[in-house]
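The structure appears below as C-alpha cells.
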Amino acid sequence: SYELAFRMQSTVPQVMDIADEPNHIKEMYGVGNGRTSNFGAQCLMARRLVEAGVRFIQVTTNGWDSHNNLKQRVPQLCEGIDQPIAGLIADLKNRGMFEDTLIVWSGEFGRTPAEQSNFNGRRHNNRGFTAWMAGAGVKGGVRYGATDPLGWAAVENAVDVHDLHATVLHAMGLDHERLTYRYAGRDFRLTDVYGNVKHDMFA
C-alpha cells in the first residue's frame with residue numbers, strides 16, 4: 001500500500017503538467033483562450049490521466065445555479081465548456097481511446113420551465129433534466145427519453161439516478177447487482193439495491 005501510494009504521488013506532477021503539450025493540442029482545448037482556458041486545461045489533464053491509467057476522473061465547472069441572471073450567465077457558461085468538451089472527444093478519438101472511455105456530463109438537477117426572480121431565473125427541478133454520455137459504446141446522436149411538453153417532468157424512458165449509476169457501472173464492465181453485500185439485516189450496493197441498466201443506450 002505504501003509503495004502504491006508513493007508511486008501515485010510521485011507520478012502526479014508529471015501527469016498534471018501540460019506545458020509539454022503541443023500548441024495545436026492546447027488550442028484544440030481552448031487553453032490560453034480567455035473563457036475556455038480553465039476548463040480546457042482540466043479537460044486536457046483528464047485526457048492525460050486517462051492515458052496514465054486512472055479509472056475515474058471528475059472535471060468540474062461552477063456557476064450553473066442560475067436562480068438569477070440566467071439569460072446572461074448560461075450563454076457565457078456554455079461558451080466556456082463547448083470547445084474544451086469537443087476537444088476532449090476529438091483528442092480521445094484521435095488517440096484510439098474514445099471507445100474505452102465513458103464521458104458523462106451532468107449536474108445534480110435540472111431547472112423548472114417556470115420563471116423566478118423577475119423572469120430571469122429558474123428553480124431547481126429533479127423531475128426532468130438532461131445528462132449526456134459519449135464513448136464506451138454509447139450510441140451517438142441519440143436521445144433517450146423525453147419530458148412532457150413543458151419540460152417539467154420525464155414522461156418517456158425516465159432514467160432515475162440509480163438507473164444512471166447502474167448504466168455507468170455496466171459501461172465500466174461492472175455488474176452492479178454482483179456488488180451487493182449484506183449488513184445489519186439488509187442488502188447494500190452502489191445503486192442501493194435499485195437501478196436497471198439501460199441497454200438501449202448502447203450500440
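Tabulated data
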| quantity | calculated |
| --- | --- |
| Filter result for residue 8 (over 24 Å from residue 173 (Cβ atoms), open to solvent by 50 Å² or more (accessible area, probe 1.4 Å), of a type outside the set (Asp, Glu) and assigned to a helix (DSSP H, G or I)) | no |
| Filter result for residue 57 (under 28 Å from residue 33 (Cα atoms), modelled with pLDDT of 95 or more and either more than 13 Å from the chain's Cα centre (by Cα) or open to solvent by 40 Å² or more (accessible area, probe 1.4 Å) (or both)) | yes |
| Pair list, Cβ < 7 Å and 6+ apart or interchain, from region 57-70 residues that are within 12 Å of residue 116 (Cβ to Cβ) to residues that are among the hydrophobic types (A, V, I, L, M, F, W, C) and outside any loop (DSSP other than H, G, I, E, B) | 66/74 |
| Strands (runs of 3 or more DSSP E) lying entirely in region 76-171 (those with 2 or more residues that are open to solvent by 70 Å² or more (accessible area, probe 1.4 Å) and over 18 Å from residue 203 (Cα atoms)) | 121-125, 154-156 |
| Total residues in region 21-75, condition touching a helix residue (DSSP H, G or I) at 6+ places or on another chain (Cβ under 6 Å), of a type in the set (S, T, N, Q) and assigned to a loop (DSSP other than H, G, I, E, B) | 2 |
| Residue match in region 181-199 (condition: β-branched (Val, Ile, Thr), modelled with pLDDT under 95, open to solvent by 70 Å² or more (accessible area, probe 1.4 Å) and not in a helix (DSSP H, G or I)) | no |
| Test: residue in region 17-35 that is hydroxyl-bearing (Ser, Thr, Tyr), touching an Asp or Glu at 6+ places or on another chain (Cβ under 9 Å) and modelled with pLDDT of 95 or more | yes |
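The values are calculated or read from the model by the stated rules, or taken from the named source; none is laboratory data. Computed from a predicted model, the values in this text were never measured in an experiment. Glycine also receives a Cβ, built like all others from the backbone with ideal geometry; neighbour counts cover every protein chain displayed. Accessible surface areas use protein heavy atoms only, side chains included; no ligands, DNA or RNA. Shrake-Rupley method; radii C 1.70, N 1.55, O 1.52, S 1.80 Å.
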